[in-house]
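> Before I ask anything, here is the structure I am working with.
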Amino acid sequence: MKIIKRAIAAWVSAVVTATALTVLRGGAGSLLTPDFASGASILLYAGLFMAAFLFLTALQSIIDSHFEKVLGLSGTSAVSRSGDVHYLRGFSIDNAALLLSVNILALISLRYSTDITLLLGLLVPVVITDVYVALDSTNRFSLSQQRRLFFILAIVFGAAQAMFIALYTCARYNNYASPNYDFGIFCNMFSSMVRDFTQTVSCERDAIIQHFAVHFSPIYYLMLPFYFVFRSPLTLQILQAVIVGSGVIPLYLITRRRKLSPALGAALCFAYALYPALIGGCSYDMHENCFLAPLLLWLFYCAECDGTKRRILTALFAVLTLAVKEDAAVYVAFFGIYKLISDGRDEPENPVSAQSGSDEARKKLPTGKRISAALDSFFTAGRRCGLALLLGSVAWFLFTSWFLDRYGYGIMSYRYDNFMTDGGSLFGVIINVLKNPVLVFSEAFEAEKLTFLAQALLPLALLPLITRLPHRLLLLCPLLLIGLMSDYQYQHSIYFQYVFGWSAFLFYAAVLNLSDLGRRARRALCAVMLSASVLFSAAYAAPLGSSIFPSKTQREKCAAISEAIADIPGDASVTSDTFILPHLADREIIYELDSKATSADTDYVVFDLRYADAAAADERETAFTADGYETVCRTDGVIMIMKR
C-alpha cells in the first residue's frame, strides 16, 4: 500500500513539474485543452516520475533515520530519550507531496480560467486528497500547541491581509480609478470634518448636504483623529485595511473560548485573511461597512464572556456596531434573536442540562414563587443579553429611520422592491415574507446569485451549514437578507461593501460548528477549508492586486494628471469628472461633472480625457468656452482643465 501511495504521489508530482515547465516555456494553448501538453514527450513524464519516486523514497528514509537514530525515537513515539517532544515524528513525505502537488496543479489551472464551474471541478480532487491525508491512519504528524506561537501567526495573517488590501486600494486611488461615488464623497466629507466637525458634502446628490441625510454613520468620527494627523485620502484606504485585518484578533479569541486548539484557531484566521469577500469588499474603496466584521466578532466574543466586564463590553461593541450605519441594526438584532433562541445551548461552560436538577425542587414551591423561578430559569444571562440586543437594535433602527425620513432622503427601501407591492414599505416586506415565504427562496436562489453563494460558503468548507442544532442556522439569516434576497446587484457581489456583516456571522457559525465535531472530522474539514480558501482567494481576490503594478503608459498619464491639477488653488470651486474628483475633494465646493453637461457654476472644470476621443473633447471644450470658460491645460487622451 505504501508503494502504491508513493507511486501516486510521484505521478502527481511529475505531472505538476511537467505542467509548470510547459507553462514557463509557453505551452501550446490552454491547460484546459488537449493541445497543452502536445509538445511534451511521454519519456519526459516517465523520467520525472522515476526521479520523484526516488526522491520521495530517499527523503522519507532520511526523516525516519533522523528520528530513530539521532534523536532516539522508535515506533510511534514522538518523545526522545532526553524527554524532548518532536512533532515531526510520523511525518509522511508521500502525503505532503500528494497534498502540495494536487493543490499546486489546481492553482496553475486557475491561471487559465476562474469560472465557478472549473473551481467546483477542481475542488473534487482537492477535497478527496485533503480528507485522505487528514484521516490517514499512518500519518501521525501533529503540530505544537504553543498558544503564543499560533496567536502570533494569526496576527501575521491579519497583517498580511491588511497589507494587501492597503496596497491595492491605495494603488487604485493613485491610478485615478476611484470614482466620486463613493470615495470622492468620503474624501470631501473628511475634509469638512477636519474643518468644522460636520459631515458636509457638496459632491453627493448634486447639493451641499450633510452625509447624515443619506446614511447615519457616526462611526466615521473614530477615523477622524488619524485623518487629522495624516490628511490624505490614502489614510482612509489604509485605515479600512487595518480595520478589516484586525478581525483576526476576536476571531482567534472566539476559537480559544470554544476550546479549539491553537492550530485550528490559526487556521481559521488564515481562512479569514484569504476570504475573498473580505478582500473584495474593500475593492470599491473605503466605506464605513468595513467596521462591521471586527466589531461583530468582538460582540460575539464579549457576549460569551462572564461577569460585569462581559455586560459592559457587550454593550460597548453593540453600540459601536449600531453606529456604523442605520442598517447595522439588522446584524445586532439577528444576534439578539439568536441568543434568545439558543437558550444557553451554545454556551461553552453552561449547558442546558445543568439546569435540569432544579426542576423537582421548583415543583414544591408555592405558585407565585414557582412562576418567578420559572421566569428566572427562562431568562438566563444569555437570553437577557439577547433580549437587550434585540430591543436596543429595533429602537435604534426606528430612530434612524425616523431621522432619515424627517431630515434626509429616507431609508433605501427600494433595494427590496422585489418584495413590495405598489407603494410598499419595509414593514410591507416583512409582512409579505411572512405571508409568502416561497417568494424568499425564489428570489434568493436565482441563477445569478448561486455563484455569489458559492463564493461565500465554499471557502469555509460549508462549515456554517454543518450542524445538528437548527437554531445555528439563524446565523445564516444576514447572508440571506442582505446578500441574497435583494435584487440590488451590488448586494450579491463580493466586490462591494455589503459583505462585511454577514461574513462575520459565517465565521462565527464556522467556529461554533467546528467546536462540536470530533477530532478527525475537525482535521478533515480544516484541511478542506484551507485548500478551498487558497483556491477561491487565488481566483477572486488575487486579481485585485493587478492595480499595484500599472503599465508605464498608465503611470505616465497619472503623473500628467497630478501635475495638471496641482495648479488648481485649494480655495477654488471645482466641477470634475468622477475619477479625478477624489484628488480634488479637499475643498468646500466640488461637484461631479455630468457626462452631458455643457455648463457649470464653479471656478474650474476638470475633464478626464482618458476615456474620450479628441472629437468629444473638442465638442465639450467648445460648449464650455461658450459658457465663459477658457482652457488652461489640455493633453489629449489625459486631461483638460478650463477656468472661468
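The values are calculated or read from the model by the stated rules, or taken from the named source; none is laboratory data. Here the structure is a predicted model, which is why all the values come from computation and not from measurement. Cβ atoms come from the backbone with ideal geometry, glycine included; neighbour counts cover every protein chain shown. Heads up: the accessible areas ignore ligands, DNA and RNA and are worked out on the full protein's heavy atoms, side chains in. Shrake-Rupley method; radii C 1.70, N 1.55, O 1.52, S 1.80 Å.
> Where both partners of a DSSP beta bridge lie in the chain, what percent of those bridges are antiparallel, to the nearest 5? It would help to have the intermediate numbers written out before the result.
Values: 14 of 20 bridges.
Rounded to the nearest five, the antiparallel share is 70 percent.
> For the stretch 567-614, just say rounded, prolate or oblate: build the C-alpha gyration tensor, square-root its eigenvalues into a ≥ b ≥ c, call rounded for a/c under 1.5, and beyond that prolate if a/b exceeds b/c, oblate if not. Walk me through the numbers before you get to the answer.
Details: a/c = 2.01, a/b = 1.52, b/c = 1.33.
The shape class here is prolate.
> In addition: Bin all alpha-carbon pair distances of the stretch 478-564 at 5 Å intervals from 0 and give each bin's fraction as a whole percent.
The percentages, shortest bin first, are 2, 11, 12, 14, 15, 13, 11, 8, 6, 3, 3, 1, 0.
> Counting heavy atoms of the protein chains only and a 1.4 Å probe, report the per residue accessible area for the chain as a whole number of Å².
Numbers: 29500 Å² over 644 residues.
For the chain, the solvent-accessible area averages 46 Å² per residue.
> OK, next. Can you work out the FRET efficiency for the pair residue 636 and residue 24, with r the C-beta to C-beta distance and R0 = 41 Å, to the nearest 0.05?
On the way: r = 40 Å, r/R0 = 0.98.
Step by step, r from the Cβ atoms, then E = 0.50.
> What whole-number distance in Å separates the alpha-carbon centres of the stretch 448-522 and the stretch 264-311?
That distance is 13 Å.
> Shape call for the stretch 426-511 from the C-alpha gyration tensor, a ≥ b ≥ c root eigenvalues: rounded (a/c under 1.5), prolate (a/b greater than b/c) or oblate? Don't skip to the end; give the middle numbers.
Details: a/c = 1.76, a/b = 1.24, b/c = 1.42.
Oblate is the answer for the stretch 426-511, as a/c is 1.5 or above yet b/c matches or exceeds a/b.
> Amide H neighbours of residue 305 under 5 Å, at least 5 residues apart or on other chains, H built in the peptide plane: list them.
none
> Using the Karplus curve 6.51 cos²θ - 1.76 cosθ + 1.60 with θ = phi - 60°, work out ³J(HN,Hα) for each residue of the stretch 506-516 in order, rounded to whole Hz, and write x for Gly and Pro.
For the stretch 506-516, the Karplus-derived couplings read 5, 5, 5, 5, 4, 5, 4, 5, 5, 5, 8 Hz, x marking Gly and Pro.
> To continue, here is another question. Would you mind computing, in nm to one decimal, how far apart the modelled labels at residue 603 and residue 234 are, each placed 7 Å from Cα along Cα→Cβ?
Inter-label distance under the simple model: 2.6 nm.
> May I ask you to evaluate 6.51 cos²θ - 1.76 cosθ + 1.60, the Karplus curve with θ = phi - 60°, for each residue of the stretch 52-65 and list the ³J(HN,Hα) values in order in whole Hz, giving x for glycine and proline?
So the J values, rounded to whole Hz, are 5, 4, 5, 5, 5, 5, 5, 5, 5, 5, 5, 5, 5, 5.
> What are the residues whose amide H is under 5 Å from the amide H of residue 639, where those residues sit 5 or more places off or on another chain and H is modelled from the backbone?
Under 5 Å from the amide H of residue 639 lie the amide H atoms of 609, each far enough along the sequence or on another chain.
> I would also like to ask the following. Run through the stretch 187-272 and list the trypsin sites (Lys or Arg not before Pro) located in a DSSP loop whose Cβ has at most 16 other Cβ atoms within 10 Å.
Details: sites: 195, 205, 231, 256, 257, 258, 259; in loops: 205, 231, 258, 259.
Answer by residue number: 205, 231, 259.
> Next up: Once the piece of chain linking residue 436 and residue 596 is laid out straight, how much longer is it, given 0.36 nm per residue of separation minus the C-alpha distance between them? Working shown, then result.
Details: separation 160, 0.36 × 160 = 57.60 nm, distance 4.40 nm.
Going from the current span to full extension adds 53.2 nm.
> Same structure, new question: Rounded to whole Å and sorted largest first, what semi-axes of the equivalent ellipsoid does the C-alpha gyration tensor of the chain yield via the square root of 5 times each eigenvalue? Could the numbers behind the result be given before it?
Values: eigenvalues 440, 307, 94 Å².
Each semi-axis is √(5λ); the values are 47, 39, 22 Å.
> Mind checking the full-extension length gain between residue 114 and residue 222? Use 0.36 nm per residue of separation minus the Cα-Cα distance, one decimal, nm. Write down the numbers at each step before the final one.
Working: separation 108, 0.36 × 108 = 38.88 nm, distance 3.81 nm.
Stretched fully, the residue 114-residue 222 segment lengthens by 35.1 nm.
> May I pose another question? Hey, could you grab the Kirkwood Rh for the stretch 150-290? Inverse mean 1/r over distinct alpha carbon pairs, Å, one decimal.
Numbers: mean 1/r = 0.0619 Å⁻¹.
When all Cα pairs of the stretch 150-290 are included, the Kirkwood radius is 16.2 Å.
> What is the set of long-range amide H partners of residue 591 at a cut-off below 5 Å, with H atoms built 1.01 Å from backbone N?
The answer is 574, 575, 576.
> Can you compute 3J(HN,Hα) from phi for each residue in the stretch 440-453, using the Karplus curve 6.51 cos²θ - 1.76 cosθ + 1.60 with θ = phi - 60°, rounded to whole Hz and x for Gly and Pro?
Listing the rounded values in order: 4, 6, 5, 7, 6, 10, 5, 4, 5, 8, 5, 4, 4, 5 Hz.
> Under a plain spin-label model, where a point goes 7 Å from the Cα along Cα-to-Cβ, how far apart in nm are residue 556 and residue 135?
Here the answer is 6.0 nm between the modelled labels.
> Does the stretch 402-546 come out rounded, prolate or oblate, given a ≥ b ≥ c as the square roots of the eigenvalues of its C-alpha gyration tensor, rounded meaning a/c under 1.5 and, failing that, prolate meaning a/b above b/c?
prolate
> Still on this structure, I have one more. Could you grab the relative contact order for the chain? Cα pairs under 8 Å, six or more apart, rounded to a whole percent.
Details: 912 pairs, mean separation 105.0, N = 644.
Reported as a whole number, the value is 16 percent.
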